[in-house]
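Bear in mind that the values in this text are calculations on the coordinates, not laboratory data. This structure is a prediction, so every number in the text was calculated from the model and none was measured. Note that each Cβ is placed from the backbone with ideal geometry, even for glycine, and that neighbours are counted across all protein chains shown.
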Amino acid sequence: MREYLLTLCITAAVTYLLTGPVRKFAIVAGAMPEIRARDVHREPTPRLGGIAMFFGLCAGLLVADHLTNLNEVFEKSNEPRALLSGAALIWLIGVLDDKFEIDALIKLGGQMIAAGVMVMQGLTILWLPIPSVGTVALTQWQGTLLTVALVVITINAVNFVDGLDGLASGMVCIAAAAFFMYAYRIWYSYGIEAAAPATLFAAILMGMCLGFLPHNMHPARIFMGDSGSMLIGLVLAAGAISITGQVDPDSLFGGSQRQTVHQMVPVYIPLLLPLTIIAIPAADLVLAIVRRTWRGQSPFAADRGHLHHRLLEIGHSHSRAVLIMYFWSALIAFGALAYSVNSASMWIVLGIVFLCAIGLMLLLLPRFTPRAPRWAEHFVPPRYRRRRAVAETASTPAHPAAVEEEQRPPVVAGVAGVNGATALGARPRFLDRRKAGTSR
């Protein structure tokens, strides 16, 4: 566990430290598109955050290769090399798309090629546990087609949900945390060495997301772009393929194959990645395809009908919409994980039902703002204070510098007008705000 945590921390540190220089590079390279009609941010924001995430992935694999116990993963399996090969290819395609906006069909072809590269190096589904049947061995073509389909679905599900600041990286981090707990349990408790690569992939994926999140939370200073969303989607799919289709159920339990699979049914619930631990992005993907096809549009045509856009339309703020999506993702992922550990416990089912009720209540109260107690009003932002305190603040005459700031023209694309610009040039807007005494 210490080596996994060390790998996670190194990956997160490298990703976090490289995101700043990558942001400067994205501004200079012009990877900062104009604001589109379907975008929710108000200022031009650089992309190419996937560059930092990819180098974080490389750093994590490099560190793991030099650790005592994790080095055995590289010696006994070719899966880390397969992951690195597929990740490099999908990352390159994403970088080109972030800069030049390549066609959607070309990206789809690149995703299939990246999945094929991993299959050629041994990262593929070999068998499937089917209830009432047993462990079904797949032919080479069946395993290849199923692996490619799973990779493409996962990549596009993550890519579709990447519409709000910090949403995709946070949801994938939650999914990776649930998957790490399951894979580590299979590897450590049952002594299944075949689960070690998936555990390593989950730890590295958590590090990539945690390192990028501080730069991507609202208001985001940089976006991961397709180079990041497709990359983390591929890593998540690689972990699912590694443990779902290559860990033999017979090695976990004794008895016949049919009896073994019956016992493994609750255990395999969190292994149905990405359909379980990223059920929200997968549902968003299916709904988007149906919606666009029904309208006679291409399934790859962008619109403002995603789940996070709906949350904004019914009155939720940007941050609250992201937190609600986090809540549902964690509920599904960790609920399935808890059920896989002890499927006979009624308390787990009741807890999941109770949390679902809380989640529905949050969805139905978009305009509800929690208020702090009177003794804590001076320690919280004004929006959480009672109406009397807010009214007193509103009645205070505004500073002339603040009035001048409000009358400034809208920000246009450029180096000095970048969202949260600290990379290049002066910062007159931030200086004016500090002089005005505002809280932002």
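What percentages, rounded to whole numbers, describe P(r) for the stretch 136-200 computed over all alpha carbon pairs with 5 Å bin width beginning at zero?
Percent of pairs per bin, in order: 3, 15, 15, 16, 21, 17, 9, 3, 0.
Counting other C-beta atoms within 10 Å, and keeping those with at most 14, which DSSP coil chymotrypsin sites (Phe, Trp or Tyr not before Pro) do you find in the stretch 169-243?
In loop regions of the stretch 169-243 (DSSP not H, G, I, E or B), the sparsely surrounded chymotrypsin sites (Phe, Trp or Tyr not before Pro) are TYR190.
Where a ≥ b ≥ c are the square roots of the eigenvalues of the C-alpha gyration tensor, would you call the stretch 136-246 rounded, which needs a/c under 1.5, or, failing that, prolate if a/b is larger than b/c, or oblate?
Oblate, because a/c is 1.5 or more while a/b does not exceed b/c.
Below 8 Å, C-alpha to C-alpha, sequence gap of six or more: please give me the relative contact order for the stretch 136-220 in percent.
About 32 percent, as a whole number.
So what's the gap between the Cα centers of the stretch 69-114 and the stretch 204-246, to the nearest angstrom?
Comparing the Cα centres of the stretch 69-114 and the stretch 204-246, I get a distance of 12 Å.
Could you pull out every residue, at least 5 positions away or on a different chain, whose amide H is within less than 5 Å of the one on TRP127? Hs are placed 1.01 Å off N in the peptide plane, and Pro or chain starts have none.
LEU138
Output the peptides 16-23, 84-91 sorted from most to least packed, where packing is the average of other Cβ atoms within 10 Å over each peptide's residues.
Ranking, from highest mean packing down: 84-91, 16-23.
First select every other residue whose beta carbon is under 13 angstrom from the beta carbon of TYR16; then total the charges, Lys and Arg +1, Asp and Glu -1.
Overall, the nearby charge balance is +2.
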